[in-house]
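See structure below.
Values in this text are rule-based calculations from the coordinates and carry no lab data. As the structure is a prediction and not an experimental result, all values here were calculated from the model. Positions of Cβ are generated from backbone atoms using ideal geometry, with glycine treated the same way; all protein chains shown enter the neighbour counts.
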Amino acid sequence: MGDGAAAATQLAGGAPIQSTLDATDPADWLALDAAVREVAWHRPQFLPGWEPSAPPPAELTQLGESRLALALCHRDGRIRQEALLQSVRYPGLLPLVVIRCTDWVEPVREHARRLLREALNVGSALDLAPLILRVGRRDRGTFGVDALGHILRQASPGQLAVLFTDPDRIVRRFAYRLAIDGRLLRPAELARAAARDQDIVVQDLCATAALTAPRDEESNEGVLSPLLSARNPRVRSAGVTALRRAGHSKQAEPFLSDRSALVRACARYVVRQQGGDPAAWYRERCMVPNDPELSPGAVIGLAECGNRADAGVLRPLLSHPAAGVRARAVAGLRTLDCADANQMRPLLDEPAAEVVRETATALLPSAKELPADWLLERTSSQRPRHVRVGAFRLLDAHGGIVALRAAVGLLEDPDMKLRTWAAQSVQRWQPSPDGPRGDREVGELLDRSRHLFSDFVLRRRKWEAGVDS
């Protein structure tokens, strides 16, 4: 709103629109539209002569482009409607006509729609598409979107391509839907778009269209290759699943060890459909504990489709030289419900943060069985941050005075995030139902953290713990 108010003030002084706002940015036009009414109503001194009940400072037919832009945003619907009549003199004001197509005053809205319908062609539609689609999210915004779609269905693939790279994902979704409906892009182009775009809706749209379009063996390669090499797992999984339909099920095997669980699951489906055994494939690769070629995806993949007997294959991998393999081995043992607390405990001192994170997660169900003092030592500021975080997760899950003692001790931790988590733990702390009441240490710990509570809440927390205030 601040930028819109500044633009409104400059336009009132006669500054040209091109130097006042970015005419290609929908946000600038919407901010101007909102700011003109706010400034004119609450700060009329910034727009002399534009008080809420006053007519424009001059006849609208005599206004230049800058002041006419203000008239198109005026609070008075009669002034906005008259300004629309004059806006045809200035094509640069068409964005404000787009905004008026959703005006709450019906005569203004209908007149703006008539003007937009007359002004739209492929060129102007491409320029206005981001703004029309942004305004289209408002009430009464469907007219502009429908008109835009009608015009852009006449655009060539080259013309429409400018919208495929628009920073607004809503614009890209709209453009790709038009291209798919009009069959303007070849399957290989759609596959490359699915692999390139960061928006999951565009990825799904383009990948689905690429895979369902008729294609021969040569175009198959042009479609599958970009999908299978995409960074996004949703796109890769679509490509892996399509291997079966294309008759290339054997190519799915390398994806059994993909870093994504979704891709691994799709690869297992394809391999099973051709009579393969994914579990045996995983076991074969995990049997050599120090194999430098072993991938983390193969380790967790074994747990995903194996059984509890496979825990014997995973346990030796806890000492594998690669941190990723060790972390997935911990996760795999947890998945198989074979995580032994005594065997896992030493891994909390691992130098690799991902291993400690997985170990803490695996030990959470056994948190109360772990030695509290041993865990508390690992929250010392001398320990690496990831070790402190893992130990605190387990102490917090322990509950009771153990959790409170650990949280209060971390209120002065050098890491801001850990301090924040500790403070939140103190604030939500409740005495254990089976714990002793009236513990003096509880009162001392709550007093050390009194800055986190109001006086009333602190007294209540002490009363709940049976501690005298």
Virtual spin-label span in nm between Asp22 and Lys368, 7 Å along Cα→Cβ: 5.7 nm
From phi via Karplus (6.51, -1.76, 1.60), per-residue ³J(HN,Hα) for the range 191-201 in Hz, x at Gly/Pro: 5, 5, 5, 4, 6, 8, 6, 8, 8, 5, 5
Dipole of the range 200-260, positive end: most advanced residue of Val240, Thr212, Leu224 [Cβ charges, Cα centre]: Val240
Dipole in debye (nearest 20) - the chain, about Cα centre, beta carbon charges: Lys, Arg +1; Asp, Glu -1: 580 debye
Span from the the range 390-469 Cα centroid across to the the range 120-157 one, whole angstrom: 57 Å
Residue-averaged [θ]222 nm for the chain, counting only DSSP H segments that reach four residues, each worth -39500 (n - 2.57): -18500 deg cm²/dmol
Burial order of peptide ranges 8-16, 203-211 (average beta-carbon count within 10 Å, highest first): 203-211, 8-16
Helix 416-428 axis, angle to the chain major axis (alpha carbon atoms, nearest 10°): 80 degrees
Selection from Gly438, Leu32, Ala129 lying farthest towards where the dipole of the chain points positive, charges on Cβ: Gly438
Overall form of the chain per C-alpha gyration tensor (a/c, 1.5; a/b vs b/c): oblate
Karplus-derived 3J(HN,Hα), 6.51/-1.76/1.60, for each residue of the range 331-336, Hz, glycine and proline x: 4, x, 5, 5, 4, 7
For peptides 152-162, 231-241, 256-266, sequence by mean Cβ density within 10 Å, most packed first: 231-241, 256-266, 152-162
Ranked by how many other beta carbons lie within 10 Å on average, peptides 373-384, 292-303, 449-460 from highest: 292-303, 373-384, 449-460
Folded to 0 to 90 degrees: helix 385-398 orientation relative to the chain principal axis, Cα: 80 degrees
Full-extension gain in nm, Val88 to Gln273, via 0.36 nm per residue minus C-alpha separation: 60.2 nm
Phi to ³J(HN,Hα) by Karplus 6.51 cos²θ - 1.76 cosθ + 1.60 over the range 66-77, Hz, x for Gly, Pro: 5, 6, 5, 4, 5, 5, 5, 10, 4, 5, 7, x
In degrees, nearest ten, helix 26-42 long axis to first principal axis of the chain (Cα): 70 degrees
